[in-house]
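Presented below is the structure to which this report refers.
The values are calculated or read from the model by the stated rules, or taken from the named source; none is laboratory data. Nothing here was measured: the structure is a model prediction, and the numbers come from that model. Cβ coordinates were reconstructed from backbone atoms using ideal geometry, including for glycine residues, and neighbour counts include every protein chain displayed. Quick note on the areas: whole protein, heavy atoms, side chains included, nothing else; ligands and nucleic acids left out. Shrake-Rupley method; radii C 1.70, N 1.55, O 1.52, S 1.80 Å.
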Amino acid sequence: MLALSITNGLVIGIIYALTALGVSLVVGIMNVINFAHGEFYILAGYFSYLFAHTMGLDPVVAMVLSIAAVFLIGIVVEYTLIRPTYGDDLYSLILTFILSIVMQSTFLLVFGPFPNKPPNWVKGATNVFGLFLYGNQRLAALIAGAAVIALFFAMLKLTWFGRMIRATSQDREMAELNGINTRRLNMLSFGMGCALAAAAGVILSPVFPVTPSAGVPVALTAFVCVVLGGMGSMWGCVAGGLVLGLVENLGAAFVSTGYKHVFMYLILILVLLIRPSGLFGRSET
Amino acid sequence: MDMRMTKNRWLLAAGLVAFALLPWGLGVYHQHIMIVSLFYVMMAASWNLLAGYTGQVSFGHAAFAGIGAYASGILAAKAGVNPWVGVAAGTLLAAIFGFLVGILCLKLGGIYLSLTTLGFSEILHIIINNEYEITRGTMGLQVPGLLSEYSKLAYFYIFLAGALLTLGVVYRLIHSDLGLNFRAVQNDERAAASLGVDVVKVRVLAFTVSSALAGMAGALYGHYLLLITPQIPSLDQQFLVLSMTVIGGMGSFVGPVIGAFGLEILSEYIRAYGEYHVLAFGLVALAVARFAPRGMVGIFRSVWERRRQAAVHPSLPAESP
Amino acid sequence: MDVALLQGRGLSKRFGGVQALEEVDFEVQAGTIVGLIGPNGAGKTTLFNIVAGTFPPSSGVVLFGGRTITGMPAFRICRQGIARTFQVTRPFGEMTCLENVAVAAVNRHPGCPKEQWMTLARESLAAVGLEALKDTAAKHLNVVQKKRLEIARSLATEPTLLMLDEVLGGLNTQEIQEAIGFIRRLRDDRGLTVFWIEHVMGAIMQATEKVIVLDQGRVLTVGPPREVVADERVIHAYLGD
Amino acid sequence: MKKRLFFLSVMTAVVGMALVCAPVYAVDTVKIGVVGPRTGDAAATGKAFEEGIQLATAYVNAKGGILGKPLEIVFEDTAGAPDKAASGFERLVTRDKVAMVLGESHSSSALAEIEVANRLKVPFVVVEAWADPITAKNYRYVFRAGPSNSGVVKDTIAKWVVHEGFKKAYIVAENTDWGLGIAEISEAALKAAGVSYASLVTERKSQDHYMELAKIKEFDPDVVLAFIYGTGLHYFVAQAGEVGLTPKAVVLDGAGPPSLWPDFWTNVGDYGNLECFVSSMHKQVELTPLATQYREAYVKAFGQAPTDYKSRSIYDAILIAADAVNRAGATDAEKVVDALESTALLVTRGTARFGTEKGGPEYHQWMPPMLVIQWQNKEQVVLYPPEGATGKLKR
């Protein structure tokens, strides 16, 4: 039981981290919380279903296409909705919240209330260390999730775009003084944030099929990860994801299955009380 | 100026009397719509106090209504407490929770409030579902009415009183010294702090009052529906309240009133289109928030101002909301 | 002699990897006008922000009237009697000029009758010559008017120490003279102490009794304006090599 | 400008009032209301109801309608939310002036609606809301032509568990009133039958059931009674297969329809094989000629065999309602209730008769027979009751 809950905690944690990275990126660069983050995740799941299942494309091609499509949609959303509100946190919160409801009801109209599931990449289950059976698709999701996270960090470290992101999330004014075009950076990072949500969506939808309203818990967990890890801190948010995954699964295994999701909020409240800047956040601006 | 003031006052009084007499000429169905609209007036006006006047977005306003409703409902249904006492207790409990959530996250700034209230509303949902022996979960808690005899007309007046009380509290607050502080914090919190405004205190106060008003609205609503369900503290409900305020006009006194009546009555008509109606609301709210962030009131006002500027008098007296 | 009204001891501030202030000591004597100058990025505004409580110093203390105010929140420091203006003005755009000033006045006299603080607000607005615009929304003002509004707001907090951050920017020669006269009168008539960041050197020369020069986060020199301007290190810091 | 603004607002008010007061110029019909979720998580049920309504209206009107007038159904959305359900119900009565109301698939909504029905004195026939108190409250105007929790557990699930000779059972309940309520009844029934059992509660919104499944596996049951409605069941079945709980243990879907939803097989893959579920419909088990007639009409109208049995449940209810009003000779509520009490009508699921003995949930209740069906290579095989069985349990 312990081994299973730790393994499952890590798998779920990596997935949480992947979802939360997009939120963290957008918060760090634009100081905007995207309440529709979960809906972009779901959107990617639907795209992937549409491309792979309905149009019969190869699952990998379908996944890449879905991420690209969501990236473009993210850029359009930034351009039309977020940009005009820039500097007014209040309106970006309200706009993305309304956007999330609009997207949910659109999903319901287009795809109906039933869950939609892109095809599995692999079948069956593996006996892990001779201790327990574990779904192969989940193991595949773990590997894919970890790979995307690694790729993202490599991009942060190695590319020009990554350096701009790190500079801007450290000190916006300095970055502007140094001639970084923050407008274009905002647009790209918002698109990137959505693309990260999409990556999580396409990786996870074969495990957890998407429904119109399934994005809400996804986004909530991502927000908790981000606050837990410290707003804008990328490593913090990965750590936050892992902590959440473990806490939830250990809690479900040894305390209560019905209150599984309350544990994460309890941790959140504790962190806010004791260390408001998050586990890995910088303590002041 | 004074003449106009008194004239306005008379007009307001006459309008109120006319409104108060309206349900006598309406059937049961339309009386119901009026009552629900008045509930939303309470919700939207109190949410507006927070979002429109101090610039913080709470996504837990419906949750606080839920706290009020469940507290009052459980007291009445399980302990036999008089529903009116229950309403008072529900209001108080919502205020206490508002205060605690406020001091937990308001010193950290606006985004934290939005996230924490969202989490708060989620926790509340899980608790309501899990503690079904007390709350009856999604089945809903059957509660007694406020009066021994069920009468739509009586409920209309109770809700009218509740709405007037809410609007009165909001009006008093924004027209007091505190109102100045509220607006200063919304405009520029750093400048406000440099002028001696205790930003955290102002926010916690606004959040506490706003939560208490939501608690009262929720408690009254529960005793009107006679059934308290997790629908009261749901995100859908939150969305509706937010849309009403945004479409009516955030940061204006009458905006939420217009929004609440407008959307509730509209939703009765487009109900037939079922699934399209949430989408339609969402799109309208999105368009308004994007292109007319001051809502319907803002649109009317800019038309009004343009007309005045075209008129002979160039001076522009301050518009009081 | 008397203890300085405002004192900083060993103030340091570090942002991430940048050392904005390092071991800064300074004094502002009561009833004087003290200038704070230095090239761009010298840490002048950072020092103001620390005194005003926008953020705490990484180390060091600030004393006001002999008592420590280090790390106090901004609103409490204001209530101690320190008022400041912002380099980039921060008016409450959606509120009228009178309301802008009233915010300051009402927090100076909490719980007092409206008449009392409204009078204070009106007087403060009149002192900077904005009474005609009292009902105009602050966002409609031009830059110079916004700076005046900020001073009016500061005065309405009835401060003992007024901290001005580049209030002369955008004024012509005649207006600068008027402004200097105005600031001197604040000191002479109201007994205010003024701590003043300014780039217009002429004004500093004319109005101040003492000048503190910052460069790269450190105090370069302190002294009467004439001596300071003649100091080679100061010329060097401003003009470079 | 001001004039135009004034004119505009007056126009709005006038149009608004006109809409409010507009008399309905329509053919003289007998109106019956239907309540059900057309939006929200259970919108699938609304779709099933719509199909049933279409077929039943055609059937009734082909036979001459009600009281010589055509039948008209007004379908009100509840969104699956009790408060919307209650106000929707009230709207049907006060605005549309319906003679009676049928439908509902959420116990929570039904419990809110029966209060309104009782207050407004309108006959209400509940179709697919299973909570016992709906009829146990013994309201004069409330009937149920469909299963109740205790009926399904006592008559079908518990008997089936004994019939198959299962020794150990595990009960998994979603944390809703329905899940927790039916789990409680099941525990009592299993205890009475001498079957050893354990149970746990799972969160309805949860997508990940690994930890719950690990606990269940430790108990090593023969059968898992899963009271999870909707998508959650699909996740549960798929993950039960992944962790190797099935096929050693058999999973019974206690809610029924989720196992019949179109995407069941895409979601659960091969792990859906050998899953069992409770249903009232199976194409080879047609207890009455009307059932066959219904299926043929369905295929004709929609081009495929019916999947969700809830379309047939509402169909039956409409037939029962039409029959009662015709026998009452008027739409008067008291007469209709009396007529309903003496119903003995052959519908698709058997002969509908409402209990009249007060005191328990059997009052005003007709419990249609339910089947336990197992998916065997994507074919539905009826396991229980024995008289309708088309095959044997496979493990």
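Are any residues in the stretch B:91-119 facing chain A (nearest Cβ under 8 Å) and either within 14 Å of residue A:270 (Cα to Cα) or aromatic (Phe, Trp, Tyr) (or both), and if so, which ones? Scanning the stretch B:91-119 gives B:104, B:105, B:112, B:116, B:119. Going residue by residue through the stretch B:303-311, is there one that turns out to be touching a helix residue (DSSP H, G or I) at 6+ places or on another chain (Cβ under 9 Å), assigned to a loop (DSSP other than H, G, I, E, B), away from chain C (no Cβ under 14 Å) and at pLDDT below 85? No; the residues of the stretch B:303-311 include none that is touching a helix residue (DSSP H, G or I) at 6+ places or on another chain (Cβ under 9 Å), assigned to a loop (DSSP other than H, G, I, E, B), away from chain C (no Cβ under 14 Å) and at pLDDT below 85. Of all the numbered requirements in (1) within 26 Å of residue D:176 (Cβ to Cβ); (2) modelled with pLDDT under 90; (3) away from every other protein chain (no Cβ under 11 Å), residue B:277 misses one, and that requirement is (3). Scanning the stretch D:245-280 for residues that are under 19 Å from the mean Cα position of the chain (by Cα) and part of a loop (DSSP other than H, G, I, E, B), we see that the one that is farthest from the other protein chains (Cβ to nearest Cβ) is D:280. Among C:32, C:136, C:70, which is among the polar types (S, T, N, Q) and under 23 Å from residue C:198 (Cβ atoms)? The match here is C:32.
When we screen D:52, D:64, D:36 for residues that are free of Cβ contacts under 8 Å to residues at least 24 places away in the same chain and assigned by TED's automatic domain parsing to the domain that holds residue D:329, the only hit is D:64. When the residues of the stretch A:89-108 are filtered to those that are small (Gly, Ala, Ser) and within 16 Å of residue A:23 (Cα to Cα), which remaining residue is modelled with the lowest pLDDT? Here the residue is A:92.
The residue list C:32, C:54 contains one member that is touching a residue at least 24 places away in the same chain (Cβ under 8 Å) and of a type in the set (S, T, N, Q), which is C:32.
Selection of the stretch D:27-43 for residues being touching a Lys or Arg at 6+ places or on another chain (Cβ under 9 Å), at pLDDT below 90 and farther than 14 Å from residue D:88 by Cβ yields D:27, D:28. Quick one: how many residues across the stretch D:89-121 are in a loop (DSSP other than H, G, I, E, B), more than 10 Å from chain B (Cβ to nearest Cβ) and either of a type in the set (Asp, Glu) or open to solvent by less than 10 Å² (accessible area, probe 1.4 Å) (or both)? Total meeting the criteria: 1. How many residues does the stretch C:88-98 contain that are touching a residue at least 12 places away in the same chain (Cβ under 8 Å) and over 17 Å from residue C:75 (Cα atoms)? Looking only at that region, the number is 7. Within the stretch D:198-234, the set of residues being closer than 19 Å to residue D:165 by Cα and at the interface with chain A (Cβ under 10 Å from one of its Cβ atoms) is empty. Determine whether the stretch A:243-262 contains at least one residue that is in a helix (DSSP H, G or I), without any contact (Cβ under 8 Å) to a residue 40 or more places away in the chain and closer than 24 Å to residue A:101 by Cα. Yes, the conditions are met somewhere in the stretch A:243-262. Scanning the stretch D:54-82 for residues that are open to solvent by less than 20 Å² (accessible area, probe 1.4 Å) and touching a strand residue (DSSP E or B) at 6+ places or on another chain (Cβ under 7 Å) turns up D:60, D:65, D:66, D:71, D:76, D:78, D:82.
Here A:210, A:226, A:202 are screened, and the one residue that is touching a strand residue (DSSP E or B) at 6+ places or on another chain (Cβ under 7 Å) and open to solvent by less than 10 Å² (accessible area, probe 1.4 Å) is A:210.
The number of residues in the stretch C:85-98 being over 16 Å from residue C:167 (Cβ atoms) and more than 7 Å from every other protein chain (Cβ to nearest Cβ) comes to 2.
With respect to being out of contact with any His (no Cβ under 7 Å at 6 or more places or on another chain), more than 14 Å from chain A (Cβ to nearest Cβ) and either among the hydrophobic types (A, V, I, L, M, F, W, C) or surrounded by 23 or more Cβ atoms within 10 Å (Cβ to Cβ) (or both), residue D:237 falls outside the description.
Looking at the structure I just gave you, is residue A:264 open to solvent by 10 Å² or more (accessible area, probe 1.4 Å) and either in contact with a Ser or Thr (Cβ under 8 Å, 6 or more places away or on another chain) or modelled with pLDDT of 85 or more (or both)? Spelling it out, it is not the case that residue A:264 is open to solvent by 10 Å² or more (accessible area, probe 1.4 Å) and either in contact with a Ser or Thr (Cβ under 8 Å, 6 or more places away or on another chain) or modelled with pLDDT of 85 or more (or both). Beta carbons closer than 7 Å, at least 6 apart along the sequence or on distinct chains, never pair a first residue in the stretch C:99-110 that is facing chain B (nearest Cβ under 7 Å) with a second that is surrounded by fewer than 24 Cβ atoms within 10 Å (Cβ to Cβ) and among the hydroxyl-bearing types (Ser, Thr, Tyr). Entry remark, the stretch B:126-158: residues being facing chain D (nearest Cβ under 9 Å) and assigned to a helix (DSSP H, G or I) number 8 in total. Against the numbered list (1) in contact with a Lys or Arg (Cβ under 9 Å, 6 or more places away or on another chain); (2) of a type in the set (S, T, N, Q); (3) under 16 Å from residue A:47 (Cα atoms), residue A:85 comes up short only at (3). Of the numbered conditions (1) within 14 Å of chain D (Cβ to nearest Cβ); (2) touching a Phe, Trp or Tyr at 6+ places or on another chain (Cβ under 8 Å), residue B:28 fails exactly one; give the number of that condition. Every listed condition holds for residue B:28 apart from (2). If you check residue C:106 against the conditions, is it closer than 22 Å to residue B:189 by Cβ, at pLDDT below 90 and in a helix (DSSP H, G or I)? For residue C:106, the condition - closer than 22 Å to residue B:189 by Cβ, at pLDDT below 90 and in a helix (DSSP H, G or I) - is met.
Which is closer than 17 Å to residue D:250 by Cα and surrounded by 23 or more Cβ atoms within 10 Å (Cβ to Cβ), of D:186, D:196? Being closer than 17 Å to residue D:250 by Cα and surrounded by 23 or more Cβ atoms within 10 Å (Cβ to Cβ) holds for just one of D:186, D:196, which is D:186. For the stretch D:62-88, the candidate set comprises residues that are over 19 Å from the mean Cα position of the chain (by Cα) and in a loop (DSSP other than H, G, I, E, B); within that set, the residue that is nearest to the other protein chains (Cβ to nearest Cβ) is D:70. When you scan the stretch D:137-149, do you find a residue that is under 30 Å from residue D:389 (Cβ atoms), polar (S, T, N, Q) and modelled with pLDDT under 95, even just one? Taking every residue of the stretch D:137-149 in turn, at least one turns out to be under 30 Å from residue D:389 (Cβ atoms), polar (S, T, N, Q) and modelled with pLDDT under 95. Could you tell me whether the stretch C:177-200 includes any residue that is within 24 Å of residue C:12 (Cα to Cα), open to solvent by 30 Å² or more (accessible area, probe 1.4 Å) and part of a helix (DSSP H, G or I)? Checked against the condition, which is being within 24 Å of residue C:12 (Cα to Cα), open to solvent by 30 Å² or more (accessible area, probe 1.4 Å) and part of a helix (DSSP H, G or I), the stretch C:177-200 yields no hits at all. Looking at (1) within 22 Å of the chain's Cα centre (by Cα); (2) open to solvent by 10 Å² or more (accessible area, probe 1.4 Å); (3) within 14 Å of chain B (Cβ to nearest Cβ), which is the one condition that is false for residue D:179? Checking residue D:179 against (1) within 22 Å of the chain's Cα centre (by Cα); (2) open to solvent by 10 Å² or more (accessible area, probe 1.4 Å); (3) within 14 Å of chain B (Cβ to nearest Cβ), the one that fails is (2).
Looking at D:350, D:303, D:388, D:360, just one residue is in contact with a helix residue (DSSP H, G or I) (Cβ under 8 Å, 6 or more places away or on another chain) and among the small types (Gly, Ala, Ser), and that residue is D:360.
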